[in-house]
Amino acid sequence: KGTGTLKTQLGNITFGYGDYLLVPRGMIYQMHFDTEDNRLFIVESKRPIYTPKRYRNWFGQLLEHSPFCERDFRRPSELEIFDELGDFTIKVKKEDMMHEYIYASHPFDIVGWDGYNYPYAFSIHDFEPITGRVHLPPPIHQTFETDAFVICSFVPRLYDYHPESIPAPYNHSNIDSDEVLYYVDGDFMSRNNIEKGNITLHPAGIPHGPHPGATERSIGEKVTEELAVMVDTFKPLKVTEEAMKILIKDYHKSWLD
């Protein structure tokens, strides 16, 4: 939610509702917002984030069956140059600690750049959903990957169109990953009482599925307008004290009839 500009040493990228912003490690950047009413979902990675390898050819190009392509990526375009001397504070995160460095010149003082390592934006609205006659598993929603987690995009799409299909996802257990769902917008068919900005955690090995009544409600539905981001991690997640402060204490009771 909100709009603004990602300012980096390689130039600026304007962003708005639904944009992913990928900032490589070591990139000096600032976030400038146009308004005070913003909402961001931030995923911090200690590893590079790639497009899924099954969608790339041997040269690294995205293939035709990929749900997005390189033309959807927005690179830095406006290179702002600041030829200034002074004290400029740079904050560097190293091994979960923040360190401050003082630069004697403005860090955005370069006149050009070359290479393939740069920040970019990708709109979730440009993700083309993959659908089928019967229910397809979550990897069809995959947008980015690392060797530690994957990021998936749930976007407006057709439901399963087999004449006897039940659009609601079946109950299941994630054996190999913890699952975090960030609900961005729309109507979340499998959930009751979910609002914009809610986050749910489904730990590995614990069965989960639609709320009571959701399966029956889904029969005959043709499309979904949901918008959500899912992060599946391959190691267990730890719930922090800050997370407990936003806990919806009676959420587990929402499965009761």
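The values are calculated or read from the model by the stated rules, or taken from the named source; none is laboratory data. These figures come from a predicted structure and were not determined experimentally. Please note: Cβ atoms are built from the backbone with ideal geometry, for glycine as well, and neighbour counts cover all protein chains shown.
Here region 173-197 is the region considered, the condition is being over 16 Å from the mean Cα position of the chain (by Cα) and of a type in the set (Ser, Thr, Tyr), and the residue that is nearest to residue 125 (Cα to Cα) is 190. Please tell me if residue 72 is more than 16 Å from the chain's Cα centre (by Cα), within 25 Å of residue 8 (Cα to Cα) and in contact (Cβ under 8 Å) with a residue 12 or more places away in the chain. Here the answer is no, as residue 72 does not meet what is asked. Counting just the residues of region 227-257 that are polar (S, T, N, Q) and touching a residue at least 40 places away in the same chain (Cβ under 8 Å), which one comes out surrounded by the most Cβ atoms within 10 Å (Cβ to Cβ)? Looking at the filtered set, the residue picked out is 233. Could you tell me whether region 47-62 includes any residue that is exposed (fewer than 11 other Cβ atoms within 10 Å of the Cβ) and touching a strand residue (DSSP E or B) at 6+ places or on another chain (Cβ under 8 Å)? Yes, because at least one residue in region 47-62 is exposed (fewer than 11 other Cβ atoms within 10 Å of the Cβ) and touching a strand residue (DSSP E or B) at 6+ places or on another chain (Cβ under 8 Å).
Here is a check on your reading of the model: is residue 165 surrounded by fewer than 18 Cβ atoms within 10 Å (Cβ to Cβ), small (Gly, Ala, Ser), at negative phi and outside the structural domain of residue 42 (by TED's automatic domain parsing)? So residue 165 fits the description; yes.
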